[in-house]
Amino acid sequence: MKVTHWNISKQSHPMFATRRYEDELFSGMGSLMPGCVSRVFRRESKIMGSTALSWKLDYRTHNSDIVHATFQTIAPAIYFSNPSKFIVTVHDILPLISDSNHDISTKIQWKLTPSALKKSDGIIAISNFTKKEILSHLDIDPCIIHVVHQGVDHSVFYPMEKIDSRAKLGLDPEGIYILVVSSNQRHKRMDIVGKILHEIRKINPKIQLLKIGYGGHLPLDGVINMGWIPENKLPLLYNSANLYLHTSDYEGFGLPILESMACGVPTVANDRASIPEILGPNEAIDMNNVKISKLCSHILSKMDVETDVKALERSNKFSWEKTSKETLKVYEKVFEI
């Protein structure tokens, strides 16, 4: 069985959630199917490497038995190619259901993506939540949708000495830090982050917020905007924090939550979308309907814990090896149809 991955990433792209999924999956499948898996990146050129042009110019089957589009908006490439079997990973469908102002390229992609998904032989949803979203908003046979969670590399993300981690990042060894890894998009709810920070610093003004994520800054007192953090420093950043905070209303999966848990960092996250699937039953908190004062009390109590053993144990349920093995099962099932 020969498989080709159509990736949304360009080789020059810095690491982000989808790129990590694509890299880890390609590596994992290479181990499970040596010499049988290839991949296609988008071109580096801004114009020639655009998603829409890549549909026609770059995404080819290479005589593969299965083509796996690793991001949902690659799906319309099927109109320009003819895979024997076609699988698409859907991370989320937020642009399809939100009222945000998208650029013309995004609008074109999402205009064609739903009908292209219907032509696939299999869909991999990265969470049960994403599967429910697909079934709620798209007319797709549930029998072809397979849930395969993302993973975490436990040899990279694991508990480390807090003092040593902070020293390597130039942070105050005696500081009290809440970490947020997120863009500033509306559904990420930085407004909640601001309210929490304002209220919690009334109680303890020494608490500071470390903010990274797509270069999005928060212009608030008590925020250390760290910009883009290289991949090799992310485990140090998680391990430098007293608590990881995730306020998002919508996540297809929520990889930073899992990474923080794997580092044993106390984690407080919103009870929305896929987040409860990662944190586990009754661990998320409804940030949209709870008083900020109560939320801050909860955060302060969690910050007293040095290592969250329960979160650490929960994280062991997820790994990229497991992701790859479950993906191979989808390949085998689709190949036999």
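Computed from the coordinates by the stated procedures, all read-outs in this text should not be read as laboratory data. Remember, it's a predicted structure, so these values are computed and weren't measured experimentally. With ideal geometry, Cβ positions are generated from the backbone for all residues, glycine too; neighbour counts draw on all protein chains shown.
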- Along the charge dipole of the chain, Cβ charges K/R +1 and D/E -1, which of TYR238, LEU96, HIS154 sits furthest on the positive end? LEU96
- Unit charges on C-beta of K, R, D, E only; dipole of the chain, Debye: 660
- Message: How much of the DSSP bridge set in the chain is antiparallel, in percent, rounded to the nearest 5?
- Response: 0
- Anisotropy class of segment 6-162 from Cα gyration tensor, a/c 1.5 cut: rounded
- Message: With 10 angstrom as the radius, rank TRP110, TRP55 by how many other C-beta atoms surround their C-beta, starting from the fewest.
- Response: TRP110, TRP55
- Query: Given 4 °C and 1.567 mPa s, how large is the Stokes-Einstein diffusion coefficient of segment 1-59 in µm²/s, with Rh as the Kirkwood radius over Cα pairs?
  - Reply: 107
- Would you please report the Å³ per residue occupied by the convex hull of the alpha carbon atoms in segment 162-315? 104
- Query: So which aspartates and glutamates can LYS107 reach, going by Cα to Cα under 18 Å and dropping same-chain residues fewer than 8 places off?
  - Reply: ASP92, ASP99
- Note on the structure: Convex hull around the C-alpha positions of the chain: the volume in Å³ per residue is 136
- Query: If the limit is 25 Å between Cα atoms, which of LYS131/LYS333; LYS302/LYS322; LYS162/LYS195; LYS291/LYS317 go over it?
  - Reply: LYS302/LYS322; LYS162/LYS195; LYS291/LYS317
- Query: Taking only the alpha-carbon atoms of segment 241-337, what semi-axes of the equivalent ellipsoid follow from 5 times the gyration tensor eigenvalues under a square root, in whole Å, largest first?
  - Reply: 31, 16, 9
